[in-house]
Every structure is written in structure tokens, then in C-alpha cells.
Amino acid sequence: MIKRTGRFKRLAVLMTALIMIVSCAGFMSGCRSGVNGEVYVYCYGDYFDPMLLDMFEEETGIRVIPDYFDTAEEMYTVLENNATTYDCVCTSDYMIQRMAGNDMLAELNWDNIPEIKNISDIYMKKSESFDPGNKFSVPYQLGVAGILYNKTMTGDVVIDSWDDLWNEQFTNSLVMPDSVRDAFMIGLKKLGYSANSTDEAEIKAAAEELIKQKPLVYKYANDSARDLLANGSAAVGVVWNGEYIYTKELNEDVEFVVPEEGSEFFIDSWVIPKNAVNKENAEAWINFLCKAEVAAINFDYLYYTTPNEAALELIDEEYLNEKAVFPDEDTISRCETLVTLDPATTELYSDYWKKVKAE
């Protein structure tokens, strides 16, 4: 169990307020509501506080049935093949653009999501880069990729560049993302290229860099990368900034930096598939997550940058001032958001990634 010393009192206040809201709502509703009284949710693993499931059901009478995926590409394949029907999906900016372009998403009914008022206008506008008019998505979590390192294991090496991930000193002590776009982002940025490059020569060059790096890699991992850094299995790893505080609580020797060449900035959002059976229930779930108190509780669990402006008043100032958790404008200005690539370029990335993994 992770100790969250110093935050129990504030969390208790938030919980008390929510219990009062939930109790009133439960008393008024009296029974499960909505089509089938359930909502099937599909999202990245461990991406919301589990206690929110019970809180939502008590408040609305709607039961959440969650399912999880590891990468956006995995999620897309499941939905594209209609392997399973989901009512609400949380995924990344570039994938939302792809899904919308392929007519896979339902337009949101904003009358059912009044708590959208809490989401910062800044991030609603940023979301228009992949969802023009904000027709399909509601921002949920924000973040930037960076390098997490154990300063007692890296010695005198200054970590501030993607190039540092090719330092032979870290042989068999490096964790890289097990995701084609995220891994190639690193290779491309190292070479001074865009993370959204469509130039085969640049993509090939990035693949060659990743192949050169492979002898240093201890493991390709996503969610488990933070744990490998926390327990000392690895000295250096690529993680999202939201993993920093979690890991720091387990191992005070870790530090986080966004490389000087820039990195990937993401906006993960909730969307509703076009074939959703319980659309209104999905909108109720999204609305619930947009509440300031809920977003604050989620922040205490996730430590990712929240787009919920109202929740900032409920978050400890020490975190608001932590650059790794809430990156400043200069850091964000050096970062790119991934965009959807055309099918031919997507296949190029996939083919070169297979070559990287096969070496």
C-alpha cells in the first residue's frame, strides 16, 4: 500500500462532501437508472481511483463495468473489429482524431454533461487540434513524456537529453516504452525531427537509432516502467510525468526531467463509440468525472496534470508548484502532440517497429 501522508485530511473533507451529494442523489433516485442501469467503460489500466466506481453507482444508480487496454493501438483494433461493444472509452488525442475520421464516434450531448464548465478553456481549445468543435471528446488527463532516473544509480551523468538514453553506462538498466509512436518519438526527437514525421528516411533513421540502443534496454514496458525504477531494477526509464510523484514516494532517489529537445505532450479524453448501447449512461459517467471534487480525488490517485480548473482549488499547493506535475509554458512549448498519420505512414512505423523488436 502506498502511503499518502499529509493528504488524508483533505481527502476526508472531499469524501465527506461527496458522500453528502451521493446520499441526497441516492435518496431522490431510489433505484438504478438508465438503459440496463450500466455503462461499459474501456480505458488505460489503473487510470482512475477504483473507489469512484462505487461512488458513481451510489450517486446515479448506474453500475460501471470497466475493461482495460495497454495501448491506444490495441484499443482501436478491438473497436474496429467490433470485438466488444463499449459505451465509453478513454484514449489519446491522435487516436481520437483517427476514430472521428473513421466515423467511429458519437457526438456528445452537452446537456447531459453540465460539469464540463470545470474544464479549462485552454485545454478545450487545445483539444480542437484533434477534435474540431469539441464534438466528440472531453479532456480527462494531461501529461508530458520525460526521463525518470535514479540519481544514485546514474552517478555523475547529467540527464537532460534523449541522447543520454544511448549512454553505454546504462546497459541493461534502461526501460523504454513498449509503444510504436512513443518509442519512435524518442528516436525522432533525438535526431532533431518531428514526432509526427512522415518522411521514410527520418523514420528509418529513428529505427536505426532504436536498434543501436537495444543492447542497453532492460525492458520495453509501459505501466510497469515506474515500478522498475522504484525498486531499483533499472536506473533510467521513459515515463509520463504523472508517474513521478508515485515513484518518488516509493524511492526518494528518483528525479524527472523533460529533455531539452522537447517531448510528447498528450491530452487523454473520454469519447463515446458510435455503437454504444448506453450513451446517456456514458455521458453521466463523463459528467461525474468532470466534478471538481471527483477530479481532485483522481489527482490524489494519479498525479497527472488535470485539465479541471475548478479542481485546482482542492489540490495541495506543493503539487501545483511542482514543475514535473504541472509543466510550465516553456516546457509545453518544446513539446508536440501526436497526430493521426495516413495509413501508408502508419504501416511504415509499424514495419520499422517490428524490425526494432526483431533485432
Subject >> Fully extended contour minus Cα-Cα distance, from Glu318 to Ser350, at 0.36 nm per residue >> reply: 7.4 nm
Original post:
In percent, how large is the relative contact order of segment 82-142, given Cα pairs closer than 8 Å and 6 or more residues apart?
Top reply: 39
Original post:
Assigning unit charges at the beta carbon (Lys, Arg +1; Asp, Glu -1) and nothing else, what dipole magnitude in debye, to the nearest 20, does the chain show about its Cα centre?
Top reply: 520
**OP:** Would you kindly work out the equivalent ellipsoid of segment 312-351 from its C-alpha gyration tensor and give its semi-axes, the square roots of five times the eigenvalues, largest first in whole Å?
**Re:** 36, 11, 8
Subject >> In degrees, nearest ten, helix 292-302 long axis to first principal axis of the chain (Cα) >> reply: 30
Subject >> Relative contact order of the chain, pairs being alpha-carbon contacts under 8 Å that are 6 or more residues apart, as % >> reply: 26
**OP:** Check the straight Cα-Cα distances from Lys279 and name the aspartates and glutamates below 14 Å, setting aside those fewer than 8 residues away within the same chain.
**Re:** Glu38, Asp87, Glu107, Asp111
Subject >> Amide N of segment 249-273 lying under 18 Å from the label point, which is placed 7 angstrom from the Cα of Trp110 along Cα→Cβ >> reply: 270-272
Original post:
Among the listed pairs Lys135/Lys189; Lys126/Lys204; Lys126/Lys291, which are separated by more than 23 Å between their Cα atoms?
Top reply: Lys135/Lys189; Lys126/Lys204
**OP:** Compute the Rg to Rh ratio over segment 145-300 from the alpha carbon atoms, using the Kirkwood formula for Rh, and round to two decimal places.
**Re:** 1.05
Subject >> Magnitude of the charge dipole, segment 178-317, Cβ model with Lys/Arg +1 and Asp/Glu -1, debye to 20 >> reply: 640
Subject >> Approximate spin-label separation Asp163-Val277, in nm, with each point projected 7 Å along Cα-to-Cβ >> reply: 5.6
**OP:** Please report the relative contact order for segment 234-359, taking Cα pairs under 8 Å with a sequence separation of at least 6, and give it as a percent rounded to a whole number.
**Re:** 34
Original post:
Any idea which of Leu289, Leu314, Phe299 is furthest toward the positive side of the dipole for segment 258-322, if Lys and Arg beta-carbons carry +1 and Asp and Glu beta-carbons -1?
Top reply: Leu289
**OP:** Can you run the Rg to Rh ratio on segment 263-344? Use alpha carbon positions and the Kirkwood inverse-distance Rh.
**Re:** 1.05
Original post:
What is the local net charge at Gly101, summed over the other residues whose Cβ is closer than 12 Å to its Cβ (Lys, Arg +1; Asp, Glu -1)?
Top reply: -2
**OP:** List the residues whose amide H sits under 5 Å from the amide H of Tyr42, counting only those 5 or more places along or on another chain, with H placed 1.01 Å from N in the peptide plane.
**Re:** Asp67, Cys88, Val89, Cys90
**OP:** Could you state how much accessible area Glu359 has, in square angstrom rounded to the nearest 10, with a 1.4 Å probe and all protein chains kept in place?
**Re:** 130
Subject >> Estimated vicinal HN-Hα couplings, Hz - segment 95-103 in sequence order (Karplus 6.51, -1.76, 1.60; Gly, Pro = x) >> reply: 6, 5, 4, 5, 5, 5, x, 9, 6
Original post:
How many nm is it between the label spots at Ser194 and Glu80, if each spot is 7 Å from the Cα in line with the beta carbon?
Top reply: 2.2
Original post:
When all C-alpha to C-alpha distances in the chain are sorted into bins of 20 Å, what percent of pairs does each bin hold, rounded to whole numbers?
Top reply: 29, 58, 13, 0
**OP:** Per DSSP H run of n ≥ 4, the term is -39500 (n - 2.57); total these for the chain, divide by its residue number, and report the mean residue ellipticity at 222 nm rounded to 500 deg cm²/dmol.
**Re:** -12000 deg cm²/dmol
Subject >> Share of Cα-Cα pairs in segment 262-311 lying beyond 15 Å, as whole percent >> reply: 56
Subject >> Rounded D (µm²/s) - segment 35-133, Kirkwood Rh over Cα pairs, Stokes-Einstein at 20 °C, 1.002 mPa s >> reply: 142
**OP:** Please give the length that would be gained between Ile65 and Asp330 if that part of the chain were fully extended, namely 0.36 nm times their separation in residues minus their C-alpha to C-alpha distance (nm, one decimal).
**Re:** 91.4 nm
**OP:** Go through Thr198, Ile211, Leu148 and say which Cα lies farthest out towards the positive end of the charge dipole of segment 145-228; charges sit on Cβ, +1 for Lys and Arg, -1 for Asp and Glu.
**Re:** Leu148
Subject >> Tail beyond 23 Å, pair distance distribution of segment 206-289 (Cα, percent) >> reply: 47
**OP:** Find which of Ala83, Val236, Ser120 sits farthest along the positive direction of the dipole of the chain, computed with +1 on the beta-carbon of Lys and Arg, -1 on that of Asp and Glu, about the Cα centre.
**Re:** Ala83
Original post:
With axes computed from alpha carbons, what is the tilt in degrees of helix 8-29 against the longest principal axis of the chain, rounded to the nearest 10 within 0 to 90?
Top reply: 40
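The values are calculated or read from the model by the stated rules, or taken from the named source; none is laboratory data. Computed from a predicted structure; not experimentally measured. Cβ coordinates were reconstructed from backbone atoms using ideal geometry, including for glycine residues, and neighbour counts include every protein chain displayed. The protein model used for the area step is the full one, side chains on, heavy atoms only, and it has no ligands, DNA or RNA in it. Shrake-Rupley method; radii C 1.70, N 1.55, O 1.52, S 1.80 Å.
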